[in-house]
Amino acid sequence: MADIADYNHEPTVDPRRLRLRANRPAVEPEPAPAPEPVAEDIADPYGVGVEALAAVDEPITLTSVPPTGHSALFDEAASPALSQPARWGWRGRINAALGTKLAPTPDSAETGHRAAVEAIGRTLPGAGTVAVVNTKGGAGKTPTTIALAAMLGKHRGRGVVAVDMSEAGGTLGIRAARTAAVERTVWDVLANASRLMSGDVEAGELAAYLRLQPTHDEILAGDTDSSCDDVLGENECAALGAVLRRHRDLLIIDTATTAQAGAWQWAVRHADVLVVPLPMRRDMAQHAYAMLDGLRKRGLEHLVRSAIVLLCAAPGSDPNLETVIVDEFDSLGVQTYVRVPFEPVFATGERITLEALSQSSILAWTNVAALVTDALAEAIVERQTGLRQQSAPAAAEEATAPRVAAQAPSVADPDPTPVPAPASTGAVDSEPARSFLFDYRPCAGAPPATPEIEHAADVEAEVHQPPAPSRRPQPPKPSSFNPYA
């Protein structure tokens, strides 16, 4: 028998000192795929980040969530705003005097205004961009930008910013309310764009470069210093768009008049909705028509369809010009027209605040903001689902096809005889097609423009009430310019 001292046993194991090992899978997992490289040809001179610039053009994919059932106990039959007691007109005076709770009538101006305010505050499916465009100077782009941003900011809260993207500095900062001692401009944002796009930036750091308005919207002014040699181009606008869209929800762009400038083209290409202010003058209408026609030829027909044209009767305007403009713009695909009253504050050049506007202007611009919100919701969904990309090639093909100009009938003749189109000779006409808008002459003895009515103290007693915000597929009939029509 062997000696036990010669037995080589295994070392003693202390269970308290053992460490458990993680279970290893039988099959090693496949390594995660490397992220797709971002195109290196994207210019990024301001250090915003190539990924952020590339993400501007990429559609956002919405994840579909199945609807969950809920009790109807928490659903009200009507909107809380629409069911509140009346405050306008004789019903409002009775409620204030006797403590009653009479509701406004469904077709009253107060009900329409409340519906517009509720539409402005709706939840949008994503960030949106509105471009205010007209290639004719003096059309009212800057006042439109300020009024639209003010209405959206007043009824939506923070998150709305209006930016001056004129290539050489516009007048947005001059016309908006001055609320900051130090005026920051787009170049200050560009100088700090890399910091504002970094991961450790604070949420409110961008506010130091913006001018907060009394209506909770913000203004980013352009640089009006004539000693500055730099101008805004596509790279500058791309960096500004990336910074502002990261920190804000709605972007309202005030553009210049040069359609060939890089800033103007960037603003239009990245806009979800176009707003076209159009005073009732022939030269204004000609520039707006040519601008929209050029966008259609570039394959941006979806922007022309969703454009909102604001018709404004300036003193001395021809009321018959409205029908001609609407007929010609309908041929381009424009679907929405809104009458806005002439506002003297817009024309004086002073700073614009909502308190300085007339009551009729406030009602009209509330309807405009509601229409813009509705159009933004539709455009954002189309952009996210990629529907716009399907119609762009077809629009570009149609725009490049040769067109033959036919003789237009005269407006003075109510029943014109159709003129046959010339026979095709296989060659393209040397003269491009001209719009009927350029050849129209008002007939003799046309009635003068009806002056705008004064807003009465009793809004409920107005004969004409403002329409509820809606898309108008049919052109308006010729009439005097009444904001309540």
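Values for this structure:
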| item | result |
| --- | --- |
| Subset of region 145-194 (residues that are among the polar types (S, T, N, Q) and within 27 Å of residue 235 (Cβ to Cβ)) | 145, 166, 171, 185, 192, 194 |
| Residues (surrounded by fewer than 24 Cβ atoms within 10 Å (Cβ to Cβ), of a type outside the set (S, T, N, Q) and over 18 Å from the mean Cα position of the chain (by Cα)) located in region 223-258 | 223, 225, 228, 229, 230, 231, 233, 234, 236 |
| Test set (1) in contact with a helix residue (DSSP H, G or I) (Cβ under 8 Å, 6 or more places away or on another chain); (2) surrounded by 18 or more Cβ atoms within 10 Å (Cβ to Cβ); (3) more than 23 Å from residue 280 (Cβ to Cβ) - residue 380 fails condition number | (1) |
| Failed criterion for residue 214 (all others in (1) part of a loop (DSSP other than H, G, I, E, B); (2) within 21 Å of residue 266 (Cα to Cα) hold) | (2) |
| Positions within region 214-230 being touching a residue at least 12 places away in the same chain (Cβ under 8 Å) and over 22 Å from residue 178 (Cβ atoms), in sequence order | 230 |
| Residue within region 317-328 that is of a type outside the set (A, V, I, L, M), more than 21 Å from the chain's Cα centre (by Cα) and within 22 Å of residue 269 (Cα to Cα) present | no |
| Residue within region 197-213 that is under 23 Å from residue 366 (Cα atoms), in contact (Cβ under 8 Å) with a residue 60 or more places away in the chain, surrounded by fewer than 20 Cβ atoms within 10 Å (Cβ to Cβ) and not polar (S, T, N, Q) present | no |
| Filtered residues of region 152-167 (kept if within 29 Å of residue 283 (Cα to Cα), surrounded by 24 or more Cβ atoms within 10 Å (Cβ to Cβ) and not small (Gly, Ala, Ser)) | 163, 164, 165 |
| Failed condition for residue 290, given (1) small (Gly, Ala, Ser); (2) touching a Phe, Trp or Tyr at 6+ places or on another chain (Cβ under 9 Å); (3) over 24 Å from residue 367 (Cα atoms) | (2) |
| In region 327-358, the residues that are more than 25 Å from residue 294 (Cβ to Cβ) and hydroxyl-bearing (Ser, Thr, Tyr) | 348, 353, 358 |
| Selection count, region 159-182, where residues are part of a loop (DSSP other than H, G, I, E, B) and either under 15 Å from the mean Cα position of the chain (by Cα) or closer than 25 Å to residue 266 by Cα (or both) | 9 |
| Residue 355 vs. criteria part of a helix (DSSP H, G or I), under 22 Å from residue 154 (Cα atoms) and over 21 Å from the mean Cα position of the chain (by Cα) | yes |
| Breaking point among (1) of a type outside the set (Phe, Trp, Tyr); (2) over 21 Å from residue 48 (Cα atoms); (3) in contact with a helix residue (DSSP H, G or I) (Cβ under 7 Å, 6 or more places away or on another chain); (4) surrounded by fewer than 19 Cβ atoms within 10 Å (Cβ to Cβ), for residue 170 | (4) |
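Where a number appears in this text, it was derived from the coordinates with a stated rule and is not lab data. The shown structure was predicted, so the numbers you read here are calculated from the model rather than taken from an experiment. Glycine gets a Cβ as well: all are built from the backbone with ideal geometry, and neighbour counts include every protein chain shown.
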